[in-house]
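In what follows, a structure is listed as structure tokens, so that the remarks can point back to it.
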Amino acid sequence: MQEKVLMKGNEAIAEAAILAGCRHYFGYPITPQTEVAAYMAKKMPKIGGTFLQAESEIAAINMVYGAASTGKRAMTSSSSPGIALKCEGISYLAGSDLPALIVNVQRGGPGLGGIQPSQSDYYLATRGPGHGDFHVIVLAPSSVQEMADLTGKAFELAEKYRMPAMLLADGTMGQMMEPVVLPDPVETVPEKTWAVTGTGCAREHRIINSLDLSPVNLERLNLERFKRYEKVEAEEAMWESFLMEDAEICIVSCGITARVSRNAIVAAREKGIRVGMIRPITLWPFPKKALLNAADQVHDFICVELNMGQMAEDVELAIRCRKPVARCNRVGGMIPSPDEVLEAIYKAAGKEAGK
Amino acid sequence: METRRLTLFAGHYGSGKTNIAINYALYLKRAGYPVAIADLDIVNPYYRTKDSEQMLSENGIELIVSPYANSNVDLPSMPKEIYGLVCDPSRYGVLDIGGDDRGALALGRYAADIVWENNYEMLLVINRARPLTRTPEDTVEVLREMEQAGGIPFTGIVNNTNLGLDTRAEDVLSSLAYADAVSALTGLPVKMTCAMRSIVPELNDKIGNLFPLEIQKLYYMLDSEVRNGKTDI
């Protein structure tokens, strides 16, 4: 185990990626994720890796496509408007069944929006960020420690299922500093049976491509891909339950708002209100089963988000609208205070008591 | 540490410059100096001097900060009042310099006047728990880059080794040798060793130049945050 250090969330991602064996970073600066690129710029040349500041976000994601095609661990990072630009390339990665890591440290939108934190790219990330039928694995860290731990996990999952993975953090997660114990270094990245590395005149050509002009073949490829997605949904959902054993109200929240909610839950319990939280760690696959089980137990859900209620729709789908899902939202870079979340808890508890 | 008219805090980003600058301004104010604090950080979008605006104003400390700081406008501009502070010998100034060489670049605008007056401390804030300044050699590299960008030679070192609110007295004690090594490599004295107030009693008789810090709180930071549970990732 490594010694505890003090890191910004963005730095933790960069260092964890290096420890996971990533030696190819392509990026373009944008607040509030610039420290990922700055850290890579300092560190990569010292360890024989590649740091490249591309001419645009679109160029960067296509460089990731190239590096990933050779079976190497490759990544890019950006913030919301930059991720929107990358969507074309992400679709090509998905269409070519390439693993890669895309980091999105979200800021307020739409448009150029602001530079303060948000979670408003939830739809963009979980619905397949780009054209065509596809998914990416979406991981939502809620501490600097998780920024580090989930980065390595993202590479592993991406390679296991041959699909892109997105680390979806909010600006606060990127900028805040916390003590972190970094993961141990990965000694050897697994060899790929599909990578284009030169035949050496000793084997058949391998081809990485997203184009298939035969409708029969293309349908087959899509169906095969969705079989894989089914497996991901069945096996890879991650969440954390907090004080759910006896809960009658369930908060659903991720990232910085899960931490605010946690404090509100503790305050509410001091007043005798039995409230808990299910914190999704993977947003795709969404922890549907955990939520559906909770629907039998609680009388109300409250979804706390830095958007206008995007994840709340997934909660309603997961619980098949069996119980009401209240919204507690702040947007534009604002973060709810624990008191605001507490207010939403009182409302749900009061409604049940017939007040 | 002897009081100079201008005290400049610079260092690797995340080393704790802003927190120390605010604490030092309070310290000067309590000692009776007319003091202003200026935020020269044009790099970082979050966690800035402006977060402590109300507390500073309650304590009668003038805050000089870009009108765009903490707004949603990501515009690196410097307010004219900084030049006023640099050139007005009747006021004491604490200057919070941006992180790394890119942040220190803005200082170059005022370097000639500051060096000419020659009544300043240019302090390098160091934290051994930060990943890019773990060794004395890496720390000196940051120092050289900043000196080159800012145009003002450093005059001393502030050892601010910490792990945020998790910092224990032994973390500070075990960093003393590191700070001495940076000092030996650069020939600069360690002017202060910082520690948050809660661990000061354990350090008081062990460190001569101890500077107690009040940690500046942000509006969503809580007295005792309930941490995330352990999850199997």
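The values are calculated or read from the model by the stated rules, or taken from the named source; none is laboratory data. Just so it is clear, the model here is predicted, and its values are computed rather than measured. Reconstructed Cβ throughout: ideal geometry from the backbone, glycine too, with neighbour counts over all protein chains shown. Note: areas computed on protein heavy atoms with side chains; ligands, DNA, RNA excluded. Shrake-Rupley method; radii C 1.70, N 1.55, O 1.52, S 1.80 Å.
For this structure, a couple of remarks:
- Sequence-distant aspartates and glutamates (8 or more away, or on other chains) whose Cα lies within less than 12 Å of B:Lys29: B:Glu58, B:Glu62
- Quick note on segment A:6-86: its Rg to Rh ratio, both from C-alpha atoms and Rh being the Kirkwood radius, is 0.94.
- For segment A:240-352, a Kirkwood hydrodynamic radius built from all Cα pairs, placed in the Stokes-Einstein relation at 10 °C and 1.306 mPa s, yields a translational diffusion coefficient of 117 µm²/s.
- Mean separation of Cα pairs under 8 Å and 6 or more residues apart, divided by the residue count, gives segment A:22-122 a relative contact order of 29 percent.
- Among the protein heavy atoms of segment A:240-352, carbon and sulfur supply 52% of the accessible surface, probe 1.4 Å, non-protein parts ignored.
- For segment A:231-248, backbone phi angles converted through the Karplus equation (6.51, -1.76, 1.60; θ = phi - 60°) give residue-by-residue couplings of 5, 4, 5, 6, 10, 10, 5, 10, 7, 10, 9, 10, 6, 8, 3, 10, 5, 10 Hz, Gly and Pro being listed as x.
- Remark on the protein assembly as shown: Rg and Dmax equal 25.4, 83 Å (Cα only).
- Where Rh is the Kirkwood radius over Cα pairs, Rg/Rh for segment A:168-302: 1.15
- When only Cα pairs below 8 angstrom with a gap of at least 6 residues are kept, segment A:240-352 shows a relative contact order of 31 percent.
- Whether segment B:49-134 is rounded, prolate or oblate, judged on the alpha carbon gyration tensor where a/c under 1.5 counts as rounded: rounded
- Percent of alpha-carbon pairs separated by more than 24 Å within segment B:6-213: 38
- Cross-link pairs beyond the 29 Å C-alpha cut-off, checked among A:Lys8/B:Lys50; A:Lys8/A:Lys288; A:Lys86/A:Lys289; A:Lys43/B:Lys80; A:Lys192/A:Lys288: A:Lys8/A:Lys288; A:Lys86/A:Lys289; A:Lys43/B:Lys80; A:Lys192/A:Lys288
- Counting only residues at least eight positions apart within a chain, or on another chain, the lysines with an alpha carbon under 17 Å from that of A:Lys351 are A:Lys271, A:Lys323.
- Relative contact order for segment B:6-213, counting Cα pairs under 8 Å that sit 6 or more residues apart, in percent: 22
- Coupling constants for segment A:164-173 follow from the phi torsions by the Karplus curve (6.51 cos²θ - 1.76 cosθ + 1.60, θ = phi - 60°), and in residue order they are x, 10, 10, 8, 9, 10, 9, x, 4, 4 Hz; glycine and proline get x.
- Selection from A:Ser69, A:Val325, A:Gly113, by position along the positive dipole direction of chain A (Cβ): A:Ser69
- Of all stretches in chain B that contain no trypsin sites (Lys or Arg not before Pro) in a DSSP loop with at most 14 other Cβ atoms within 10 Å, the longest one is B:81-167.
- Most fluctuating residue given options A:Val64, A:Val103, A:Val181, as computed from a GNM of chain A linking Cα atoms under 10 Å: A:Val181
- Rule-of-thumb Rg ratio for segment A:144-200 [Cα; 2.2 N^0.38 Å; N residues]: 1.46
- Candidates B:Met55, B:Met146, B:Met192: whichever shows maximal mean-square fluctuation once chain B is modelled as a Gaussian network with Cα springs under 10 Å: B:Met55
- Between A:Cys254, A:Cys201, A:Cys303, the residue with the greatest mean-square fluctuation in the GNM of chain A (Cα pairs under 10 Å linked by springs) is A:Cys201.
- 18 Å Cα-Cα reach of A:Lys160 towards aspartates and glutamates, excluding residues that sit fewer than 8 places from it in its own chain: A:Asp97, A:Asp149, A:Glu187, A:Glu191, A:Glu224, A:Glu230, A:Glu233, A:Glu235, A:Glu236
- Across segment A:74-83, computed HN-Hα scalar couplings (Karplus, 6.51 cos²θ - 1.76 cosθ + 1.60, θ = phi - 60°) run 10, 8, 9, 9, 6, 10, 2, x, x, 5 Hz from first to last residue, x flagging Gly and Pro.
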